[in-house]
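The values are calculated or read from the model by the stated rules, or taken from the named source; none is laboratory data. Keep in mind the model is a prediction, meaning the values are calculated, not measured. Cβ coordinates were reconstructed from backbone atoms using ideal geometry, including for glycine residues, and neighbour counts include every protein chain displayed. Protein only, heavy atoms only, side chains kept; ligands, DNA and RNA dropped before computing areas. Shrake-Rupley method; radii C 1.70, N 1.55, O 1.52, S 1.80 Å.
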Amino acid sequence: MNNQDLFGSAVFDADFVWGAATASFQIEGSNTADGRGESIWDRFCSISGNIADGSDGSVACGHYERMPQDVAMLKELGFDAYRFSIAWPRVIPGGTGSVNEIGLDFYDRLVDELLAAGIAPYATLYHWDLPQVLEDVGGWQNRDTAFAFVEYTRAVVGRLGDRVASWATLNEPWVSASHGYKSGYHAPGISSASAGFKAAHHLLVAHGLAMGVIRDLAPNAAAGIVLNFTPVKPATDSVEDVAQALVTDGWDNRWFVEPIAGKGYPQDTATALGWDQSEVLDGDLEIIAAPIDFLGVNYYTRQLIQGDESPVEPRLPVTDMGWEIYPEGIRETLERLHREHGFAEIYVTENGCALADVADDADFVDDQDRIAYYRAHLAQVKAAQDNGVPVRGYFAWSLLDNFEWAEGYLKRFGIVRVNYETLARVPKASALWFQQMMASDS
Ligand code: IFM
């Protein structure tokens, strides 16, 4: 796919992969259909006060029933690739044990539909929807969950591995561990530092073990992991702010990537945070350091940090999430990762913004501000590429407005509007911008 000069001087090569991304719980709905089991997010949503608008994922975008139309829309927009995730509770509703073939059929059909449309399937095995039955016995705090993940991976890759070109084991395990177990802002809603460290470690072990399964069952596919990165800036140059920024950077930006790159956990941060590392068993670091073909990078914003960790007023324009718009951060992140680790391939697997969209009577949104966000970030991705970073593709987050976790449906990240009453999809100006850019030859 080629593109013309729609964002400054940035023009990507013809083999650059243009994609759009979603995740199972955020779009599928149909949460009891075809034998799907309960996920931690179903349970979390059922507890009053957890989700800003009191909503849940039972309908979401109705994608489970509208999958062919959504693929047709991706094709019409001209995307090369589609990044989606598979819901573990659809495939193994009991967490371990028997495979629910009907649940797996849905993803089988999705993959075939994508291939028929000429769109490459980029699958993520875990985007936060753990079967609740596994949480009932400790979830990611329990080492056994890593082995359950291996079983689940075997079932999914065994069925789809002949057709999926790219597998990511986990999406943003930092968010699973930090929001899910350390702060409790996300499902399963546990707030304990030691739970967060345990979960983080078992997620990484699960990733490393699953890499072996993917290698065995899909030797020709690319395999890797998707991590989120948020550059950290001290609010001032005071000793306290700079020191805290280093710790925050260690937990937010180094904790997962360094062991994956074979360097072990950042010990400065582990000490500063008081982690005793008792859950790290002999051989774990070797498992975690299984070679990856690509690193997926999710980037949205930067963070300003002060010594006492209290919030700092934004200094730049913000999105509807309150996140500063800092396009340079995506280049800084990509260049830092390349400098420090030198992964063979990097994909930007998520980038985008929630905005307070205003729709007209036909549900059209003229989101020029979202186009400006994409344009600015893509220019920085191109600059990183020009500086030698092997960035092979870019996925917009998200194809559709969808369930934004603890924020419910209040935050709209889509390049396609979803009318939550009718579930009608209407491409926004930003989707048409992508379409025009991807269709044009330079
Ligand atoms: O919606 C999420 C997605 O599930 C994971 N990455 C960040 C997005 C925006 O918050």
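See the values below:
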item	result
Mean projected area (nm²) of the alpha-carbon convex hull when the range 266-398 is viewed from all directions	11.4 nm²
Prolate/oblate/rounded call for the range 88-129, Cα gyration tensor, a/c under 1.5 rounded	oblate
Options G158, S178, I190, ranked by Cα towards positive dipole end of the range 131-265, top entry (Cβ charges)	G158
Overall dimensions of the range 332-414 as given by Cα atoms, namely Rg and Dmax in Å	15.5, 50
Ratio Rg/Rh, restricted to the range 186-340 and using Cα atoms, in which Rh is the Kirkwood radius	0.99
Per residue accessible area in Å² of the chain, where ligands, DNA and RNA are left out and the probe is 1.4 Å	36 Å²
Share of alpha-carbon pairs per 10 Å distance bin for the chain, given as whole %	4, 22, 34, 28, 10, 1, 0
Inter-site label distance for L281 and D293 at 7 Å from Cα along Cβ, in nm	2.9 nm
Cα centroid separation - the range 373-442 against the range 197-257, whole Å	24 Å
Cα-Cα pairs of the range 122-238 separated by more than 24 Å (percent)	30 percent
Assigned charges on the beta-carbon of Lys, Arg, Asp, Glu; the range 167-275 dipole about Cα centre (debye)	360 debye
Estimated distance in nm for a label pair at R163 and S440, the labels positioned 7 Å out from Cα along Cα-to-Cβ	3.5 nm
Debye-sum result for the range 220-259 in log10 I(q)/I(0), which assumes one identical scatterer on each alpha carbon, at q = 0.26 Å⁻¹	-0.85
S192-L316 FRET efficiency (beta carbon distance; Förster radius 41 Å; 0.05 resolution)	0.80
Percent accessible area from carbon and sulfur atoms, the range 4-103, protein chains only, probe 1.4 Å	49 percent
Relative counts (whole %) of C-alpha pair distances in the range 17-168, using bins that are 5 Å wide	2, 9, 19, 22, 20, 14, 9, 4, 1
Loop GluC sites (Glu not before Pro), the range 352-442 (other Cβ atoms within 10 Å of the site Cβ: 15 or fewer; DSSP)	E421
Cβ-Cβ FRET estimate between E240 and V358, R0 fixed at 30 Å, reported to 0.05	0.10
Spin-label zone in the range 24-50 - amide nitrogen under 14 Å from a point set 7 Å from the Cα of D136 along the C-beta vector	37-40, 43
Most positive-pole-ward Cα, W251, Y265, A210, against dipole of the range 207-295 from beta carbon charges	A210
Label zone at R143 (point 7 Å along Cα-to-Cβ), backbone N below 20 Å, the range 162-187	177
Length released on extending from K75 to Q368, taking residue separation times 0.36 nm less the Cα-Cα span	103.2 nm
